[in-house]
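The next block holds one structure in the form of structure tokens; read it before the comments.
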Amino acid sequence: MNIDHDRRFDLTRVRWLAPLLRSRWPVVLGRAVTLAGFVFTILAGLLGTPIGGRNFAIIFVWIAWWTVLKLILMPVAGRSWCSVCPIPATSEWLQQGGILQRGKGVGLKLRWPRRLRGQWLQLGGFAVMGLFSAVLLTRPSATGGILLALLLGATGIGLVFERRAFCRHLCPIGGYIGWYEQLAPVAVRVRDRDVCRGCVEKACYQNCQWGIFPAALKDSFDCGMCMACIQTCPRDNMALWARSPSRESEEAARGEGAARRLDRAWFGLFMLACAPVYAAVMLGPWGSLTEAAYAIGTVAWLRYALAFLTITLGVGPGLFWLAARLGWLLGGRSGSAKRGAIHLSYALSPVGLAAWIAFTMSFAFANLSYVWPVISDPLGMGWNLLGTADWAWHPYLMNVTPLLQVVVLAGSLLWAALEVRRIATSRQALPVLAYASLLTAGMLWLLI
Amino acid sequence: MNRLKMPGTPWLILLLAALTAMLVPVPRTYAPQDRVFRVDASQFSFNPGVLAVNPGDRVTLELRSTDVVHGLYLDGYGLSVVADPGQTATLTFVADRPGSFRFRCSVPCGDIHPFMLGRLRVGPNWLLIRAMALIAITVVWSLVTGVTTKPRTQVAIV
Ligand SMILES: [Cu+2]
């Protein structure tokens, strides 16, 4: 079998999978499909019916795609979406001078400014999207507009800066997927580091669209799973591995992992705090809260915006920081309090992923049946292409969803507790686990 | 792990505690009553948004729409009713499924129609209470047993 001494499984050696990973065509074709869908979605959003529930843009982006991304693609295959994402497609083709080439194309290819590196801009972008989410999720023209802006923005950035600068430093969804990619059961990594020692051409780096050095990868945050390194390494030394979802934290605990960073920690804590806020706004019985989030520009919305930013950027991460600090004090002030807090925030990432999955279950299962009429009448113009235009709305799985949510959230808390206890004594762990429990309990109270 | 001899023992304890929390029987005897609620539906909320009854109660919802056509679909029961503008529509049922259920507008009534939600609580929300017990068990267990996946280090923090 292909399981090496290190408890990982080489998917690149699986007979039926290898040709797919080693060929450029799956990604090219995948992108062709997503790009066509993306352009159609923009047109549907801007030109189709203004009724959200009948417009392809709303239903396919926020019910179909967003759900598949969070419930399937991210937990199973990390950044797999990023490899076929249509948003940077045009800029990448321009940079390469063609769709299949890896040559010299157009663009200034500047380095991304040092000061703007990291996840801070993505954090800001996600927060701003949060302020407008109630409108974004329901008004087709808003969804069409933001998708168009993302496409144009990515193209513009790609013409000025090198490679996937947009994806790495600006795309809010890119940061969101990247943070939880640490938990993905698959990852691109080198086979044998010794083989790289004599390597001078560094084809993996030359061909990496994300501008990282794949042979030295220690965490997956910036790996877009485009497989270019696997395809171009002259020594066949890059591979796609199935691995334990805890692997990155195991390596970090051994001191072999990538540097753990404050910007990413904050991004993770921010998204952890976002989940209950979204659950309250979009799934709670408080009509005035939902209406405030929707009524952009009003005083009620300003209050909501202020509360949203305060809770997600301040209160959530702040409470966590206090908890980590308290643990540091209880644990006898050993080591650096800041470094400890950053490591502990990574350890809570399973709770964040589970909170988003649980939130998505409530929202998506209830509204999934909007998909069928929209397939037949994507623009809301009275068509009936597949005969499903009159299929009635009906929530799915409402009887089992609460139990599933308990399993997912309690399971994730157990996972996080194991991660925390790997790096912290029980005294150091207690306050942080109390914070994680508070969030898990809050999510469950809102959801079930 | 040092406190318990077999490596599997802590996991067995966790499993048993979790199963106990999820499966322990709870008292469910209430004298059934007739309950009538008048619920106003308007863009985009139900008023009152939260209703509470006991299991076995005979529940009548008088849904009155104050603006456009609204509906009320009750999760878990799969029941629904639609009220025309200014009209009252009535839904009567026996609340024989205990738990906490969302009800939602079932007729597209505007932009944030998908977020027009309310809640019906039928008895205490035992699933939530069990889940809270599960959370407490998980945390206490992880602190007491110190079980973790390998490699175990405190280097990163200490
Ligand atoms: Cu309504």
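Remark: region A:263-277, residue by residue, has Karplus-estimated 3J(HN,Hα) of 4, 6, 4, 5, 4, x, 5, 4, 5, 4, 6, 5, 4, x, 5 Hz, where x stands for each Gly or Pro and the curve is 6.51 cos²θ - 1.76 cosθ + 1.60 at θ = phi - 60°. Check the straight Cα-Cα distances from A:Lys109 and name the aspartates and glutamates below 17 Å, setting aside those fewer than 8 residues away within the same chain. Counting by Cα, and skipping residues close in sequence, A:Lys109 has these aspartates and glutamates nearby: A:Glu92, A:Glu162. With an a/c value of 1.5 or above and a/b larger than b/c for the gyration tensor axes a ≥ b ≥ c computed over the alpha-carbon atoms, region A:254-447 is described as prolate. Subtracting the Cα-Cα distance of A:Thr90 and A:Ser288 from 0.36 nm times their residue separation leaves 67.1 nm of extension gain. Between A:Val315 and A:Ser23, the contour length at 0.36 nm per residue exceeds the alpha carbon distance by 100.4 nm.
For A:Leu116 and B:Val69, a Förster radius of 56 Å and the Cβ-Cβ distance give a FRET efficiency of 0.65, rounded to the nearest 0.05. Taking amide hydrogens as placed 1.01 Å from N in the peptide plane, the amide H of B:Ala52 sits under 5 Å from those of B:Arg121, each at least 5 positions away in sequence or on another chain. Cβ-Cβ distance of B:Trp11 and A:Phe213, R₀ of 45 Å, FRET efficiency by 1/(1 + (r/R0)^6): the value works out to about 0.65.
When the Cα gyration tensor is reduced to axis lengths a ≥ b ≥ c, the ratio a/c is 1.5 or higher for the protein assembly as shown, and with a/b not above b/c it is classed as oblate. Residue exposure proxy: B:His70, A:His169, ordered by other Cβ atoms within 10 angstrom of their Cβ from fewest to most, comes out as A:His169, B:His70.
Calculated FRET efficiency, B:Glu62 to A:Lys202, Cβ-Cβ distance, R0 = 60 Å: about 0.25 to the nearest 0.05.
Summing Cβ point charges (Lys, Arg +1; Asp, Glu -1) relative to the Cα centre of the protein assembly as shown gives a dipole of roughly 2300 debye.
Normalised by the number of residues in region B:34-123, the average gap of Cα pairs under 8 Å and 6 or more apart makes the relative contact order 34 percent. Where in region A:341-372 is the amide nitrogen less than 18 Å from a point lying 7 Å along the Cα-to-Cβ axis of A:Leu438? The answer is A:341-342, A:344-349, A:351-352, A:355, whose backbone nitrogens lie closer than 18 Å to the label point. Residues A:Trp415, A:Trp393 in ascending order of nearby Cβ atoms (within 10 Å, fewest first): A:Trp393, A:Trp415. Summarised as an ellipsoid, region A:98-226 has semi-axes of 30, 19, 13 Å, derived from the eigenvalues of the Cα gyration tensor scaled by 5 and square-rooted, with the largest first.
For B:Val59, the residues 5 or more places off, or on other chains, whose built amide H falls under 5 Å of its own are B:Arg35, B:Phe93, B:Val94, B:Ala95. Neighbour counts of other Cβ atoms within 10 Å put B:Val69, A:Val351 in the fewest-to-most order B:Val69, A:Val351. Percent of alpha carbon pairs in chain B separated by more than 21 Å? Counting pairs separated by more than 21 Å, the tail of P(r) holds 59 percent.
By the gyration tensor of its Cα atoms, with a ≥ b ≥ c the square roots of the eigenvalues, what is the shape of region A:334-448: rounded for a/c under 1.5, prolate for a/b over b/c, or oblate? It is prolate, given that a/c is not under 1.5 and a/b is the larger ratio. Between A:Asp390 and A:Asp263, the distance separating the two model label sites (each 7 Å from Cα on the Cα→Cβ line) works out to 5.6 nm. Normalised size of region A:1-157, defined as Cα radius of gyration per 2.2 N^0.38 Å with N residues, equals 1.23.
We did not get these values from a lab; they are worked out from the coordinates using the rules stated. All of these numbers come straight from a predicted model, not from anything done at the bench. No Cβ is skipped: glycine too gets one built from the backbone with ideal geometry, and neighbour counts run over all protein chains shown.
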